[in-house]
Amino acid sequence: MQQHQPEASAKLAGPIGMFAFAVCFALTSCGGAQSATPSAQTAHFPVTIAQPDGRTVNITKQPHRIVSLSSTATEMLFAIGAGSQVIAVDDQSNYPSNVPKTKLSGFTPNIEAIAGYAPDLVVAADDLGGLVHGMQALNVPILIEPAAKNLDDSYLQIRQLGAAAGHPSDADSLVAKMRSQVGSFVASVAKPARQLRVYHELDNTYYSATSATFIGQVYKLLGLTNIADAATSATPDYPQLSAEFIVASNPDLIVLADTKCCQQDLRTVGARPGWGVIAAVRTGQVIGVDDDIASRWGPRIIDFMQAVATHVQQVEKAA
């Protein structure tokens, strides 16, 4: 089983046990709403940012030595124009291509190795391995930006990073652009006579994502019924489905977010025992999406949504 969701380009490509860890990682890191004070409309320092664990992080001056241990946060920082302030990123950060990639890990953080970069701000997706305590002992501000449960969480984190890095206007502009694009995608999808069913595959052991995740919200906004919502599982956000359940649910659209980690495509899915009867397989509506894009709640979630919206239109036309 691959580490395939969310937050990992290893997301999605690591040893088998890593996927289960990534699912747990996403579940335990999803927190409530966070807020940035003062308003993200100003770039004045100091700024104080509230964290889901009740901490408040004070950033006294604009940071210029940011270490990102979250591939999503890395993408957000570069998208808001703070890339030149990022001096090191974790081993899963691979976008954009010019990120200062290192051997640092967000899953097993090494406090001494992080400190070696003399950061003035550290950003991570979860407090693993005593990360927050270690940074506090070094008097280094650390922000925890956990896996988003919806797009509003993503927008909030972009604005928080904008405030923290001194790029509030750029962050606001990015959020406004993303909101506009989401609205366009939603408007482009017609109201079908019946709700179309979708199955989102995180890896080829049938881990999926429900509507309680940022992935699931994309499908909900596009008017799709997520078959994972009906599953009984100990992990309500990212359940592992059975092949029998998926076949019986008969999805109209299958989205494969395991094209890189597990080399899945229409051919491999169609070859699975019993899957040939599924509507999506019969009509060829099995689409592959980039594993990383589909697992990160940053700006490229727009690319993911666009790909899904395009295929929803195709399914509706064929219905």
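Each reported figure results from applying straightforward, stated rules to the coordinates on display, with no laboratory input. As the structure is a computational prediction, the values presented were derived from the model and not from experiment. Glycine gets a Cβ as well: all are built from the backbone with ideal geometry, and neighbour counts include every protein chain shown.
Could you tell me the calculated FRET efficiency between Gln313 and Asn110, based on Cβ-Cβ distance and R0 = 41 angstrom, to the nearest 0.05?
E between Gln313 and Asn110, to the nearest 0.05, is 0.30.
Work out which trypsin sites (Lys or Arg not before Pro) in the chain are exposed loop sites (DSSP not H, G, I, E or B, at most 12 other Cβ within 10 Å) and give the longest gap free of them. Free of exposed loop sites, the longest segment is 195-319. Among Gly130, Gly54, Gly276, the largest mean-square fluctuation in a Gaussian network model of the chain, built with springs joining Cα atoms closer than 10 Å, belongs to Gly54. Taking other Cβ atoms within 10 Å as a rough exposure proxy, Asp303, Asp153 sort from fewest to most as Asp303, Asp153.
Rg ratio for the stretch 169-313: its Cα radius of gyration over 2.2 N^0.38 Å, N being its residue count, equals 1.03. Compactness of the stretch 172-224 is given as radius of gyration and Dmax, 13.4, 39 Å, from Cα positions. Take every pair of alpha-carbon atoms less than 8 Å apart whose residues are at least six positions apart; their mean separation over the length of the chain yields a relative contact order of 18 percent. For the chain, the 222 nm mean residue ellipticity estimated from helices alone, with every DSSP H stretch of n ≥ 4 adding -39500 (n - 2.57) and the total spread over all residues, rounds to -11000 deg cm²/dmol. Each Lys and Arg contributes +1 and each Asp and Glu -1, all at the Cβ; summed about the Cα centre of the stretch 63-185, the dipole is approximately 220 debye.
Farthest towards the positive end of the charge dipole of the chain, among the residues Gly116, Gly274, Ser84, is the Cα of Gly274, using unit charges on the Cβ of Lys, Arg, Asp and Glu. For the residues Gly106, Gly183, Gly298, a GNM of the chain with alpha-carbon springs under 10 Å puts the largest fluctuation on Gly183.
Each label point is 7 Å from the Cα along the Cα-to-Cβ direction; what then is the distance between the points at Phe45 and Ala248, in nm? Once both label points are built, they end up 5.8 nm from each other. For the chain, build the charge dipole from Cβ charges (+1 Lys, Arg; -1 Asp, Glu) around the Cα centre, then report which of Ile215, Gln285, Gly106 sits farthest towards its positive end. It is Gln285. The magnitude of the dipole of the stretch 243-319, with charges of +1 and -1 set on the Cβ of Lys/Arg and Asp/Glu and taken from the Cα centre, is near 120 debye. Multiplying the residue separation of Val277 and Ser184 by 0.36 nm and subtracting their alpha-carbon distance yields 30.1 nm. Cross-link pairs exceeding 27 Å in C-alpha to C-alpha distance, out of Lys149/Lys260; Lys61/Lys149; Lys103/Lys260; Lys220/Lys317; Lys191/Lys260, comprise Lys61/Lys149; Lys191/Lys260. Normalised by 2.2 N^0.38 Å, where N counts its residues, the alpha-carbon radius of gyration of the chain equals 1.00.
Computed about the Cα centre, the dipole magnitude for the chain is approximately 580 debye when only Lys and Arg (+1) and Asp and Glu (-1) carry charge, each at its Cβ.
With neighbours defined as other Cβ atoms within 10 Å of a residue's Cβ, the residues Phe185, Phe45 order from fewest to most as Phe45, Phe185. Among Ser70, Ser173, Ser97, the largest mean-square fluctuation in a Gaussian network model of the chain (Cα springs under 10 Å) belongs to Ser97.
Counting only C-alpha contacts under 8 Å and six or more residues apart, can you give the relative contact order of the stretch 109-250 as a whole percent?
On the way: 153 pairs, mean separation 23.6, N = 142.
17 percent.
At full extension, Asp265 and Gln306 could sit 12.9 nm farther apart than now, given 0.36 nm per residue minus the alpha carbon distance.
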